[in-house]
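Worksheet: the structure to be examined is printed underneath.
FYI, it's all coordinate maths here, none of it is from the lab. None of these values were measured; they are calculated from a predicted model. Positions of Cβ are generated from backbone atoms using ideal geometry, with glycine treated the same way; all protein chains shown enter the neighbour counts.
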Amino acid sequence: MKKFGPDQKLITWMQEIRRTIHQNPELGFQEHETAKFITGKLDELGINYITHIGGTGIVATLGDTNMDGPCIALRADMDALPVEEQTGLPFSSKNSGVMHACGHDGHIAMVLGAASMLTKTSLPGKVILLFQPAEEGEGGAQVMIREGALECVDAIFGGHIDRHYRVGEICVQPGQICAQTDKFSITVKGRGGHAAKPHETVDSIVVASLLVMAIQTLVSREVNPSYPTVITVGRIQGGTAANVIADMAVLEGTIRTTHPKVRQQIIDGLSRMVNAMEGLHNAEATMILTEGYPPVINDVKATRIAEQAAEQTVGKEGVLGLPFPSLGGEDFSFYLKHVRGCFVRFGARKKKHESAPAHSPRFDFNEDVLPVGANFFAHVAHNALHDISAIKNKSQ
C-alpha cells in the first residue's frame, strides 16, 4: 500500500501558500488574485488546468488522462469572509474588512500539497483538483457543477479545518454530518410617528422584537429535542432617529435543521407567527424564505475509503467519528447530489485561540494541520483510484 508523507520542504511550501493567501483574502466570486496565485503554483508542479470555471474557479488534472479510467476529485474552497481581522498575525489580511476566518486558505494549501505528492507517483486514473469560489453562502459548487466540473468524476472528497479537535485527529463519519440551511427575511410594516405619541402609531420595532422572542419557542417548545435544530435572527434593521417610531423593521436570519419534517415544521411555524402579527399587533408582516444548502450526507463506501486514508495519515487512534451532525452548512453537499463522496474534518486547535470560533475576527488554526490534510488527500486520492479501478475491472 502506497505511503505518502510531506517532507520539510513541502511543509514550508504549504505554509507560505497559506500565509500568502491569508494576507490577500477575497470574497466569493471575486477570488481573481487568489486564482492567479493558485495557477502559479500549479505551473510550478507542471499540472494542467482550466480557469474561469464558475467565474474564478479552477479545474486542474493530473494522473492518467484516459477518459475510460477511474476519476476522483479533491475540492478546496477559495473565498474569504466580510470580517475585519483582529488576530495580530504577522501575515494578517491586507484587505480591509475581508478575512480568511474559516480556514479556506489552509484547504487550498492542503490540496496543493497533496497534488505535489501525487505528481511523484504513478496513478491508475485521473485526479481532478477543484478550486472552488464562493462557498460562504453563495453556493459556488452549483456553478462549478453547471459548468462541467464533475464531468467523468466517480467520487469526490473534501474536508474542513476544525478547531474543536486536536492536530492529528481526523473526523470521518458516514451519513449526515452537516445541516440543511435556509435563510429568511421578515418585513414588519407598522405606522410611524412621534416617539412621544406611541398611541398614534404601530411600532414596527416593538412588533419585530416580540416576533424575535416568539420565534425562539419554535425550537424550545415545538420541535422534538431529539432533532438538533437552530433558528437564529442575525440581523435587525429599523428606524431612523431616536425620537421617531419606525414604520418598518426587517429581520433576517437562518434556519438549521437535520430532518426534513422538522424543517417543514419550522417553516410552517414561522409562517403562522408572521401571519398572526396583523391580528395581534395591527402590523403587516411578510416573509421571504430562501432555500440554502442541502445537508451533507457522506456515502458509506466513500467514507470507508476516507477512513482508511485517515488511518494511514494519523493512525487508528487519531480517527474519530461525529456523535451528531454539525448545524453548519456546506455547499459540498451539492457535489454529493451528483457523485458519491465524503467530507471530513481536520483537527486544528491552536493554543490561545480556543475561544475564537470560525467566522470570528480572531480565528486562527494550528498550521501543523497542513501536512496532515495534504497527507490525507494524497492517500484518499490514491486509494479511491485503486478501489474504483478494481471495481471497474471486475465488471468488465
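May I ask you to list the aspartates and glutamates whose Cα is less than 16 Å away from that of LYS36, ignoring any residue fewer than eight positions away on the same chain? Once the sequence-local aspartates and glutamates are set aside, what remains near LYS36 is GLU16, GLU26, GLU44, ASP77, ASP79, ASP105. Residues whose amide H lies under 5 Å from that of VAL344, counting only those 5 or more places away or on a different chain, are GLY158, GLY159, HIS160; hydrogens are built 1.01 Å from N in the peptide plane. In the chain, the DSSP-assigned H stretches of four residues or longer account for a calculated mean residue ellipticity at 222 nm of -11000 deg cm²/dmol, using -39500 (n - 2.57) per stretch and the full residue count as denominator.
Determine, for each peptide in 133-141, 180-188, 7-15, the mean count of other beta carbons within 10 angstrom over its residues, then list the peptides with the highest first. Could the numbers behind the result be given before it?
Values: 133-141: 23.0, 180-188: 21.0, 7-15: 15.2.
For the peptides 133-141, 180-188, 7-15, the packing ranking is 133-141, 180-188, 7-15.
Can you check what the net charge comes to around GLU367, using other residues whose Cβ is under 11 Å from the Cβ of GLU367 (Lys, Arg +1; Asp, Glu -1)? Local charge sum for GLU367: -1.
Take the Cβ-Cβ distance between ASN275 and ASP7 as r, set R0 to 56 Å, and report the resulting FRET efficiency rounded to the nearest 0.05. Mind dumping the intermediate values first?
Numbers: r = 63 Å, r/R0 = 1.13.
Computed FRET efficiency for ASN275 and ASP7: 0.30.
With r as the distance between the Cβ atoms of ILE50 and GLU222 and R0 = 51 Å, compute the FRET efficiency 1/(1 + (r/R0)^6) and round to 0.05. Given R0 = 51 Å and the Cβ-Cβ separation, E is 0.55.
Contour minus end-to-end for ALA195 and GLU138, with contour as 0.36 nm per residue of separation and end-to-end as the Cα-Cα distance?
Working: separation 57, 0.36 × 57 = 20.52 nm, distance 3.97 nm.
Once the chain is fully extended between ALA195 and GLU138, it gains 16.6 nm.
Expressed as a whole number of Å, what is the distance separating the alpha-carbon centroids of segment 358-393 and segment 53-100? Value for the Cα centre distance between the two parts: 14 Å. Place a point 7 Å from Cα of LEU289 in the direction of its Cβ. Which residues in segment 151-190 have their backbone N less than 12 Å from it? Only 182-185 pass the distance filter. As a calculated quantity, the FRET efficiency between GLN264 and SER355 at R0 = 30 Å, using C-beta atoms, amounts to about 0.25. In the structure displayed, which of LYS261/LYS352; LYS9/LYS350; LYS94/LYS351; LYS261/LYS337; LYS2/LYS301; LYS120/LYS301 lie more than 29 Å apart, Cα to Cα? Violating the 29 Å Cα-Cα cut-off are LYS261/LYS352.
Of THR119, THR65, THR20, the sequence from fewest to most neighbouring Cβ atoms within 10 angstrom is THR65, THR119, THR20. For ASN298, the residues whose amide H sits under 5 Å from its own are GLY175, GLN176, ILE177, ignoring neighbours fewer than 5 places away on the same chain, with H placed 1.01 Å from N.
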